[in-house]
There are 2 protein chains.
Amino acid sequence: MPRTITVGAAQLGPIARNDSRKQVVGRLLELMREAHGFRCDLIAYPELALTTFFPRWPIEDERELDSFYETEMPGPETKPLFEEAARRGIGFSLGFAELVVEKGRKRRFNSSILVDKTGRIVGKYRKVHLPGHSDVMDRPGQHLEKRFFEVGDLGFPVWRAFGGILGMCICNDRRWPETYRVMGLQGVEMVLLGYNSPIGLGDPFDLDALEPFHNHLVMQSGAYQNATWVVGVAKAGFEEGFNMIGQTCIIAPSGEIVAQCATMGDELVVRKCDLDMGAPYRADIFNFAYHRRIEHYKLITERTGAIPPPETT
Amino acid sequence: MPRTITVGAAQLGPIARNDSRKQVVGRLLELMREAHGFRCDLIAYPELALTTFFPRWPIEDERELDSFYETEMPGPETKPLFEEAARRGIGFSLGFAELVVEKGRKRRFNSSILVDKTGRIVGKYRKVHLPGHSDVMDRPGQHLEKRFFEVGDLGFPVWRAFGGILGMCICNDRRWPETYRVMGLQGVEMVLLGYNSPIGLGDPFDLDALEPFHNHLVMQSGAYQNATWVVGVAKAGFEEGFNMIGQTCIIAPSGEIVAQCATMGDELVVRKCDLDMGAPYRADIFNFAYHRRIEHYKLITERTGAIPPPETT
């Protein structure tokens, strides 16, 4: 019996700072209905899909900051999404800013959830690789994820869902081969990931022009090297004065891009994904048990930063 | 002061089963002289550059098998290469089959050496990720590296040489992100790697057509994700009835291919490589010390093969 997931990658165009949750959820619902029309089993939304990409501003006011986070999921404003999903029998993954209070302390994570076709949350992930900085810099655009989020504390779990083994990661996670490998070692067959990748922040090195190339490069190699589908979903376009890349795509276990958005706005691309397509790779060139040599990989988990060999004198 | 290495990637066309070492070394010398004319500091040769790709045959006769291995380096037949290198002041990396006798036991490795401008061996690597099989299969072309070589026992070392930090790996190693990462954690700035990548062996899955795409994909992502130069050098063309890919290339720390061969024969491509080109990446998006989260990577060194989560009942 073929094991397939028909997935919709639901790119979002810009979300304005003052857009309400209701407005945004309305857009998500519209994409969900379109995905349902295409018989999707699952629709994947971007990172921080409910608000503008707020870590670009050094927000000082705590009440304002909190307004970008969800304290419950579903909450009153996101409930329609869960209800519509259950009604139509379609699952979804959704990125959002998560605020939890533990022992009187606010904890903030850049999170995503996986929701099954009955509207039940079956998986949660909290972003591990937070990019950017914790300190405010003297420039118009920031990337203050290290300021506004804690490092995720759930590792890189996978879940049996939709007839396969699914994992999630978020944005900058996709640049790190460790992300895919940890999931690959749990047999992942489809990785859902959302991203907000701003360009033109005035970084000390001006490699912005390569960002679209790097975006696909890391997802394609992550897919191929772990024989998994990768669904990469952007929040795209010109948002509050900043450009963000698009290129939402669905990547096969061969590393090939087999569906891709072509706009910078709300756009759905759909692909029927054969979960067994990765099997020949797993049985041969990427048969981990047969080929991996963990005795030679120790530095990867022993050493965080690079340490060059001593200078010879 | 700019730190640069002008490197020549010296692709080789086919080597016949009966070609002598002298014939092959003659071709290597010719490429070395050409590289010297381009003011190269260093010329990189392919994997198993002194013979045909012999692991395609289930060779039973031990004397015949031994004839494909080097028992000393330099030996009488390879000495001219070392002498020419010293005379012209050019370094080289060279892949070869290595046979050493330890405690009366023959040990065989798929090795490469790094030789400095004085003709002195400054680094040795033994291939870790041996592809293919140890058992002979019922088909014309084999990939019997697991039969004819032991797994390398030297890890993935790097060396201070040519004014930078250099590493080596071989062929199938390049498909594994762990390879580059272990060197990246030692601050590698240039990875030299040779390969013989046959296609059309009649593998159970017919993804040969994607081999050239995969070849570049894994080297480009390895370069970008570790902000290192990668020099990938093929033995190419139609050798003893089997096709091997070419695509010899030099890849910048951006992941961009900045030089590439266009034939399937002996061909040199040259590039002046700025070793500091990776620095902006290391200081920012790939600042390992700042961003890596080794507490979440443990499976990579704890688990060899993939273990899917238990089936839910």
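Since every read-out is calculated from the coordinates, none of them should be taken as a lab result. If you're wondering where the values come from, they're calculated on a predicted model, not measured in any experiment. Cβ placement follows ideal geometry from the backbone for every residue including glycine, while neighbour counts extend to all protein chains displayed.
Once each part is reduced to its C-alpha centroid, what is the distance from segment A:85-138 to segment B:103-176 in angstrom? Computed from Cα coordinates, the inter-centre distance equals 44 Å. Between A:T304 and A:E62, the contour length at 0.36 nm per residue exceeds the alpha carbon distance by 83.9 nm. Modelled label positions at B:L210 and A:F38, each set 7 Å beyond Cα in the direction of Cβ, lie 2.1 nm from each other. FRET efficiency for the B:R3 to A:R3 pair, using the beta carbon distance and R₀ = 56 Å, is estimated at 0.60. Each label was represented as a point 7 Å from its Cα along the Cα-to-Cβ direction; for B:F238 and B:T263 these points are 1.6 nm apart. Shielding of peptide A:279-292 by partners, expressed as the average count of other chain Cβ atoms within 10 Å per residue Cβ, is 5. Straight-line reach from A:K124: taking Cα to Cα under 25 Å and skipping same-chain neighbours fewer than 8 places apart, the lysines in range are A:K22, A:K79, A:K103, A:K106, A:K146, A:K235, A:K272, B:K298.
Between B:L201 and A:E256, the modelled label-to-label distance comes to 2.2 nm, taking each label 7 Å out from Cα in the direction of the beta carbon. Excluding same-chain neighbours fewer than eight residues apart, the aspartates and glutamates reachable from B:K127 by a Cα-Cα span under 12 Å are B:E47, B:E98, B:E145, B:E150, B:D153, B:D173.
A label point on B:D19, set 7 Å along the Cα-to-Cβ line, lies at 6.0 nm from each of its counterparts in the other copies, closest listed first. Across chain A, the fraction of Cα-Cα pairs farther apart than 35 Å, rounded to a whole number, is 18%. Distances between copies of A:G37, taken at a point 7 Å out from Cα along the Cα→Cβ vector and listed shortest first: 6.4 nm.
Going by neighbour counts of Cβ atoms within 10 Å, the residues A:V122, A:V7 line up, fewest first, as A:V122, A:V7.
Could you work out [θ]222 nm for the protein assembly as shown from helices alone, using -39500 (n - 2.57) per DSSP H run of at least four and dividing by all its residues? Round to the nearest 500 deg cm²/dmol. My calculation for the protein assembly as shown gives -6500 deg cm²/dmol from helical runs alone. Sorted from nearest, the other copies put their A:V100 label points 5.1 nm away, the label point being 7 Å from Cα in the direction of Cβ. Electrostatic tally near A:R3: other residues with Cβ closer than 15 Å to its Cβ, Lys and Arg +1, Asp and Glu -1, net -1. Take every pair of alpha-carbon atoms less than 8 Å apart whose residues are at least six positions apart; their mean separation over the length of segment A:4-302 yields a relative contact order of 21 percent. Relative to one another, the C-alpha centroids of segment B:54-81 and segment B:250-313 are positioned 32 Å apart.
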